[in-house]
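Enquirer: Take a look at the following structure, please.
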Protein chains: 2
Amino acid sequence: MLELRHLKYFAAVARERNIGRAALALNISQPPLTRQIQQLEELIGAPLFIRSVKGVELTAAGEALYADARAVLSLADLAVERARRAAHGQLGRLDVGIFGTGMFDIVPRVLLKFRNVFPDVEIAMHTMTKTEQVEALRQRRITIGFNRLVPKYPDIKSRVVMWERLIVGLPRSNPLAAREALSIADLAGQPLVLFPSTGHPNFSDFVAHQCREHGFIPQVVQEVGDAVTGVALVASGFGVCIVPESATHFKASGVVYVPLKESPPTMLDVSCLYLQDDPSPILREFLRILEEFRTENGVTDDA
Amino acid sequence: MLELRHLKYFAAVARERNIGRAALALNISQPPLTRQIQQLEELIGAPLFIRSVKGVELTAAGEALYADARAVLSLADLAVERARRAAHGQLGRLDVGIFGTGMFDIVPRVLLKFRNVFPDVEIAMHTMTKTEQVEALRQRRITIGFNRLVPKYPDIKSRVVMWERLIVGLPRSNPLAAREALSIADLAGQPLVLFPSTGHPNFSDFVAHQCREHGFIPQVVQEVGDAVTGVALVASGFGVCIVPESATHFKASGVVYVPLKESPPTMLDVSCLYLQDDPSPILREFLRILEEFRTENGVTDDA
DNA sequence: ATTAGTTCATACTCGCCGGGTATGGCGTTT
DNA sequence: AAACGCCATACCCGGCGAGTATGAACTAAT
């Protein structure tokens, strides 16, 4: 049976054009090397070297094999090296579930930090809803997910990546648009655009809850799927909209963003989800990077 | 030390996701397979499988190695196969030295026949003079050469590929251009364009000799390097030109080709040269094809 | 709960084969 | 003729790959 040993020895002899010198280079004695070469020639079914008094030279078959043998040997070395790197999470693929407004600011910053440390890990991003993320995590289609307001699941852990302030998006025509800051109470009676309504608890529920806390029932004029659509509706005068701060990265003409002055300002999380018992070394490395990110930015799990 | 055995066994286990079944497929028993996998894991420095009661599944490192292992194994198989084919002359490279008028007809026909039988042998053609061909053969830069009027060398054998008739190229304005056929004697007094003058014996010497045989001293007006230049000079009225028949493949306006009627017509060889003791299987196969070609066309070594 | 049936791991023996030393054959060099 | 270089052969030893028998851990079924 062909073994890497045969190819390694053969390559040494082909390189040195001399069996004795090759044996020296391989740190073995000459006779066993001769034997291995003979075995290989028998396996191929043709001589690989023509022996002369000066040493050996390659036959056509030997020439052909030499080219391939080097390729096999270096590929085998590479395979071992890559397996080692994969074991330490330095190689492979990180599938990430992302969501609407998350992709504007915080998610790219975290992923960029990760990519800087592990440039050989391919990062694939998939936009999906919260429930899709949970499903995909369980099926191992993604390794981590980013989302907000994540409920507790028995098999899924989560870690807050950052806390975001809430701000109000209004059409420039609205009288409140001129204010320096607003209170949630100021929005009583204003037509509200909410999003999204799927996957409880969600941002929609969260905003409605905040309104009730401040003593009024929100007047919902429209529910949409994502923040971008919401802001678009605000721009065309449908009403006002409470959005996380990162939504301001989405500029829409005719929309003014005004901060909320509640103190401490009402905060909304962006969290990272992952499977409790996923042994992937890439995940472990990612979580390490995430912890660094949290301490750099002073993030804790409480609001 | 890593061996192909490790990769082969590992690939089988990775494919079956089960050590026992993989052992069955490999025609060995289960314990040694377990041991080999453990060895491989120790070599890599990380587990490749996570064992469960249902069987095994790949870790990230295992996943990475599996992809590479298959590549190494198939490349190793390919290497053996290609070495075998190279040993039988079915793979590799045939460097051919060719010369001016040879490339018009006979050389392509022989090489095409060879290519049809050995499509995986790369054929490289190099135009060079007779002396360059001999030099290149000795330095193994070419495996075969084609040429005419090849002298005997101690280390080089030659084999006639075909015999060519001689014909006369004349400008249309020349009175002899109207004849059906010419004798060499008819050319007495005509201005002759000869080629080439390097590398004796050469075609130039050959033609001069023929003229003397027919009782006149040739009146040489110009010597040029190759047949194409010679015919070009004839076209512009420099004189007449004796060329091998295959030169008629080079059409030049204003040139008329008239056969020589000597009986048996004076013949010129195209021969194939090769190194006496070149062991290359490709050369052997080429010579075999060449012999076929000779019997098909009834070629012998005598004129 | 017990049993039967998975799966992979361990313990031990056997025999092949890779690697060692010693030596021989052969051709070149001095 | 002698000395040298190179590869091949002969022979021995020990490691390791492969085999059998058995254990350990867990699941599934009765």
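Enquirer: State whether the residues of segment A:59-77 include one that is polar (S, T, N, Q), on the phi < 0 side of the Ramachandran plot, within 16 Å of DNA strand C (Cβ to nearest atom) and more than 27 Å from the chain's Cα centre (by Cα).
Expert: no
Enquirer: Kindly provide the set of residues from segment B:70-79 that are surrounded by fewer than 20 Cβ atoms within 10 Å (Cβ to Cβ) and either free of Cβ contacts under 8 Å to residues at least 12 places away in the same chain or facing chain A (nearest Cβ under 7 Å) (or both), ordered by number.
Expert: Correct list: B:71, B:74, B:75, B:77, B:78.
Enquirer: Now a separate question. Run residue B:67 past the list (1) open to solvent by 20 Å² or more (accessible area, probe 1.4 Å); (2) of a type in the set (A, V, I, L, M, F, W, C); (3) within 7 Å of chain A (Cβ to nearest Cβ) and report the number of the one that doesn't hold.
Expert: (3)
Enquirer: From the residues in segment B:260-302 that are over 21 Å from residue B:138 (Cα atoms) and of a type in the set (Lys, Arg), which one is farthest from the other protein chains (Cβ to nearest Cβ)?
Expert: Looking at the filtered set, the residue picked out is B:261.
A quick yes/no check of all residues on (1) closer than 23 Å to residue A:267 by Cα; (2) among the charged types (D, E, K, R); (3) touching a helix residue (DSSP H, G or I) at 6+ places or on another chain (Cβ under 6 Å):
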{"residue": "A:120", "(1), (2), (3)": "no, yes, no"}
{"residue": "A:127", "(1), (2), (3)": "no, no, no"}
{"residue": "A:138", "(1), (2), (3)": "no, yes, no"}
{"residue": "A:141", "(1), (2), (3)": "no, yes, no"}
{"residue": "A:147", "(1), (2), (3)": "yes, no, yes"}
{"residue": "A:151", "(1), (2), (3)": "yes, no, no"}
{"residue": "A:155", "(1), (2), (3)": "no, yes, no"}
{"residue": "A:158", "(1), (2), (3)": "yes, no, no"}
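Enquirer: Looking at (1) in contact (Cβ under 8 Å) with a residue 12 or more places away in the chain; (2) part of a helix (DSSP H, G or I); (3) more than 18 Å from residue A:82 (Cβ to Cβ), find the lone condition where residue B:57 falls short.
Expert: (2) is the only condition that residue B:57 fails.
Enquirer: Being within 43 Å of the chain's Cα centre (by Cα) and within 7 Å of chain B (Cβ to nearest Cβ): is that true of residue A:107 here?
Expert: No, not satisfied.
Enquirer: So, one more: Go through segment A:37-61 and give me each residue that's open to solvent by less than 30 Å² (accessible area, probe 1.4 Å), away from chain B (no Cβ under 12 Å) and of a type outside the set (Gly, Ala, Ser).
Expert: A:37, A:56
Residue-wise test of (1) modelled with pLDDT under 90; (2) surrounded by fewer than 17 Cβ atoms within 10 Å (Cβ to Cβ); (3) assigned by TED's automatic domain parsing to the domain that holds residue A:125.
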{"position": "A:162", "(1), (2), (3)": "no, no, yes"}
{"position": "A:176", "(1), (2), (3)": "no, yes, yes"}
{"position": "A:181", "(1), (2), (3)": "yes, yes, yes"}
{"position": "A:199", "(1), (2), (3)": "yes, no, yes"}
{"position": "A:221", "(1), (2), (3)": "yes, yes, yes"}
{"position": "A:224", "(1), (2), (3)": "yes, no, yes"}
{"position": "A:234", "(1), (2), (3)": "yes, no, yes"}
{"position": "A:241", "(1), (2), (3)": "no, no, yes"}
{"position": "A:250", "(1), (2), (3)": "yes, no, yes"}
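Enquirer: Name the residue, out of B:184, B:242, that is under 31 Å from the mean Cα position of the chain (by Cα) and among the β-branched types (Val, Ile, Thr).
Expert: Residue meeting the stated conditions: B:242.
Enquirer: Can I ask one more? Would a scan of segment B:136-152 turn up a residue that is away from chain A (no Cβ under 14 Å) and touching a His at 6+ places or on another chain (Cβ under 7 Å)?
Expert: yes
Residue-wise test of (1) open to solvent by 40 Å² or more (accessible area, probe 1.4 Å); (2) part of a helix (DSSP H, G or I); (3) without any contact (Cβ under 8 Å) to a residue 12 or more places away in the chain; (4) more than 22 Å from residue B:150 (Cα to Cα).
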{"residue": "B:97", "(1), (2), (3), (4)": "no, no, no, no"}
{"residue": "B:102", "(1), (2), (3), (4)": "no, yes, no, no"}
{"residue": "B:108", "(1), (2), (3), (4)": "yes, yes, yes, no"}
{"residue": "B:113", "(1), (2), (3), (4)": "yes, yes, no, yes"}
{"residue": "B:119", "(1), (2), (3), (4)": "yes, no, yes, yes"}
{"residue": "B:125", "(1), (2), (3), (4)": "yes, no, no, no"}
{"residue": "B:132", "(1), (2), (3), (4)": "yes, yes, no, no"}
{"residue": "B:137", "(1), (2), (3), (4)": "no, yes, no, no"}
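Enquirer: For a quick check of your reading of the model, give me the residue pairs whose first member lies in segment A:16-36 and is in the same structural domain as residue A:50 (by TED's automatic domain parsing) and within 14 Å of residue A:56 (Cα to Cα), whose second is of a type in the set (S, T, N, Q) and within 11 Å of DNA strand C (Cβ to nearest atom), with beta-carbon atoms closer than 9 Å and at least 6 apart or on different chains.
Expert: Close Cβ pairs (under 9 Å, with a partner that is of a type in the set (S, T, N, Q) and within 11 Å of DNA strand C (Cβ to nearest atom)) amount to A:19/A:30; A:19/A:34; A:20/A:30; A:22/A:30; A:23/A:29; A:23/A:30; A:23/A:34.
For every residue, the table says whether it meets (1) touching a helix residue (DSSP H, G or I) at 6+ places or on another chain (Cβ under 8 Å); (2) assigned to a loop (DSSP other than H, G, I, E, B).
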position	(1), (2)
B:192	yes, no
B:201	no, yes
B:205	no, no
B:211	yes, no
B:216	yes, yes
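Enquirer: I'd like the full set of residues that are within 7 Å of DNA strand D (Cβ to nearest atom) and aliphatic (A, V, I, L, M), limited to segment A:1-58.
Expert: Those that are within 7 Å of DNA strand D (Cβ to nearest atom) and aliphatic (A, V, I, L, M): A:19, A:37, A:53, A:56.
Enquirer: Return the total of residues in segment B:278-296 being open to solvent by 30 Å² or more (accessible area, probe 1.4 Å) and either closer than 17 Å to residue B:106 by Cα or among the small types (Gly, Ala, Ser) (or both).
Expert: 6
Enquirer: Something else about it: Please specify each residue of segment A:1-36 satisfying the condition of being within 13 Å of another protein chain (Cβ to nearest Cβ) and more than 10 Å from DNA strand C (Cβ to nearest atom).
Expert: Listed by number, the residues that qualify are A:2, A:4, A:7, A:10, A:11, A:14.
Enquirer: Just checking, does segment B:164-178 include any residue being assigned to a helix (DSSP H, G or I), touching a residue at least 12 places away in the same chain (Cβ under 8 Å) and within 17 Å of the chain's Cα centre (by Cα)?
Expert: The answer is no; no qualifying residue exists.
The values are calculated or read from the model by the stated rules, or taken from the named source; none is laboratory data. Nothing here was measured: the structure is a model prediction, and the numbers come from that model. All Cβ positions, even for glycine, are placed from backbone atoms using ideal geometry, and neighbour counts span all protein chains on display. Accessible surface areas use protein heavy atoms only, side chains included; no ligands, DNA or RNA. Shrake-Rupley method; radii C 1.70, N 1.55, O 1.52, S 1.80 Å.
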